[in-house]
Amino acid sequence: MKKVYIIVSILFFSLMTFAQSGTQFMDNRPWQEVLQRAQRENKLIFVDCYTSWCGPCKQLSTQVFPQEKMGEYLNSRFVNAKYDVEKGEGLTVGKQYDKEIKVFPTMLILTAQGEIIHKVSGCRPVDELIAAIEEGLQGNTIYNLKKEYDKGNREWSFIQKYLNLLETAVERKEYEKVAREYASRFPVDSLLNQDIWNIVGKFVIQTPFSPEFRFVIEHIDDLDSKGLVNRYQLESKLSEEMGFAVNSIYLVSNKTHSEDTLVMLQEKIDYLRTLLKKPVKGFPTSLAELSLSESKIKQDVNQLYERLCVLVECGFTDRDILLANMLKYLAQNLNNKAHLKRCIDIAEYLKDISSKTSWVQEGFDEAIALANQKLGNKK
């Protein structure tokens with residue numbers, strides 16, 4: 001029993017020592033107390049903004065802030081505070097700095113008067129976090145660099161620094177804006193340059209109707225041979241974005257009968273078809289789905305029926321909602337009894353092999369009910 005007591009005591013004092021050597025926080029204390037202490041001690045303020053449900057916040061709290069090196073750095077330079085910004089005093093802090101807190105965790109560096117100097121977002125190792133904070137203390141903040149950017153500085157070394165800080169602060173919209181503006185100064189084939197690809201590659205593959213997206217599709221071999229991309233991941237992303245574009249055409253066609261809009265959609269279909277003929281993984285499925293939307297836009301019910309049958313027979317059955325909606329449209333508009341029965345068979349087959357999500361199942365059930373109702377009207 002005495003040995004157990006000694007072991008427990010050692011563990012307790014070890015944990016106490018570890019905690020004391022780490023970061024010392026004013027934990028969800030009134031904000032005015034934090035400001036007053038910072039002014040009294042003539043220190044800057046470090047604020048950890050977190051939520052109870054945020055995994056990286058917990059990791060930061062349990063693995064990073066308790067470390068001695070982190071504590072020595074923060075305790076000597078800052079009055080440290082932490083707030084759950086969804087309750088109590090944290091609601092006040094969260095509201096005051098809501099424009100700065102876009103993800104969790106977000107760490108703010110403030111003057112003793114509460115004015116924003118710098119911010120760092122996300123959980124990161126001690127040395128990396130200290131380096132990110134130091135950048136701000138040296139004047140390299142997104143706020144200072146934005147002023148310089150707005151004045152017209154477009155030197156590559158400056159753009160790199162600004163983008164790095166924007167990424168550190170998780171300012172995604174501003175990052176994309178700056179990256180796109182910089183890359184737009186060069187011809188589209190500059191995407192084959194590593195520096196340009198690194199800053200804008202992830203954005204240009206998200207817009208299927210852009211010239212950059214087309215360039216990427218037509219130069220996958222070049223991007224791959226230069227080692228700029230992982231070909232498998234790139235093709236998967238291109239296929240995913242194409243799927244979204246094809247689905248958006250279908251969704252818009254469901255909401256409008258405007259001739260001008262339908263002409264515009266047909267033009268988009270014609271454009272996407274040229275891209276979808278390229279040998280990219282996943283494109284054949286999107287091409288087949290695009291053909292369904294085209295038939296529906298043209299209100300060619302028989303062509304839609306024939307294309308849907310071929311699609312199912314060939315195994316292109318990935319997009320359950322699209323297929324269920326096409327079957328409902330056919331059930332409402334077909335007059336051929338045999339075709340209606342075939343639609344019921346297809347809906348029952350797809351329902352059986354599709355995900356068991358209730359709204360997916362309901363879509364196929366509705367198509368079956370509509371077709372049965374139509375058949376009943378024919379008797």
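The values are calculated or read from the model by the stated rules, or taken from the named source; none is laboratory data. In this text, all values refer to a predicted model and were calculated from it rather than measured experimentally. Note that each Cβ is placed from the backbone with ideal geometry, even for glycine, and that neighbours are counted across all protein chains shown. Calculation scope for accessible area: heavy atoms of the full protein, side chains included, ligands and nucleic acids excluded. Shrake-Rupley method; radii C 1.70, N 1.55, O 1.52, S 1.80 Å.
Listed values, structure above:
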quantity	calculated
Considering residues of the stretch 255-299 that are in a loop (DSSP other than H, G, I, E, B) and among the polar types (S, T, N, Q) only, the residue nearest to Asp318 (Cα to Cα)	Gln299
Unique residue being farther than 26 Å from Ile205 by Cα and either modelled with pLDDT of 90 or more or crowded, with 20+ Cβ neighbours inside 10 Å (or both) when the list is Leu292, Leu276, Leu340, Leu287	Leu340
From Asn153, Asn140, residue being outside the structural domain of Glu68 (by the TED database), farther than 23 Å from Ala38 by Cα and open to solvent by 10 Å² or more (accessible area, probe 1.4 Å)	Asn153
Residue check for Tyr149: under 25 Å from Arg172 (Cβ atoms) and touching a Ser or Thr at 6+ places or on another chain (Cβ under 9 Å)	no
Extreme residue, farthest from Ser293 (Cα to Cα), among residues of the stretch 321-370 that are of a type in the set (Gly, Ala, Ser) and not in a helix (DSSP H, G or I)	Ser355
Test set (1) without any contact (Cβ under 8 Å) to a residue 40 or more places away in the chain; (2) part of a helix (DSSP H, G or I); (3) open to solvent by 60 Å² or more (accessible area, probe 1.4 Å) - Gln206 fails condition number	(2)
Residue identified as closer than 19 Å to Phe78 by Cα and out of contact with any His (no Cβ under 8 Å at 6 or more places or on another chain) among Gly122, Gly139, Gly152	Gly139
Those helices (runs of 4 or more DSSP H) lying entirely in the stretch 37-150 with at least 2 residues touching a residue at least 40 places away in the same chain (Cβ under 8 Å)	55-59, 68-77, 89-96, 126-137
Criterion: of a type outside the set (Val, Ile, Thr) and modelled with pLDDT under 90 - qualifying residue of Ala324, Ala245	Ala324
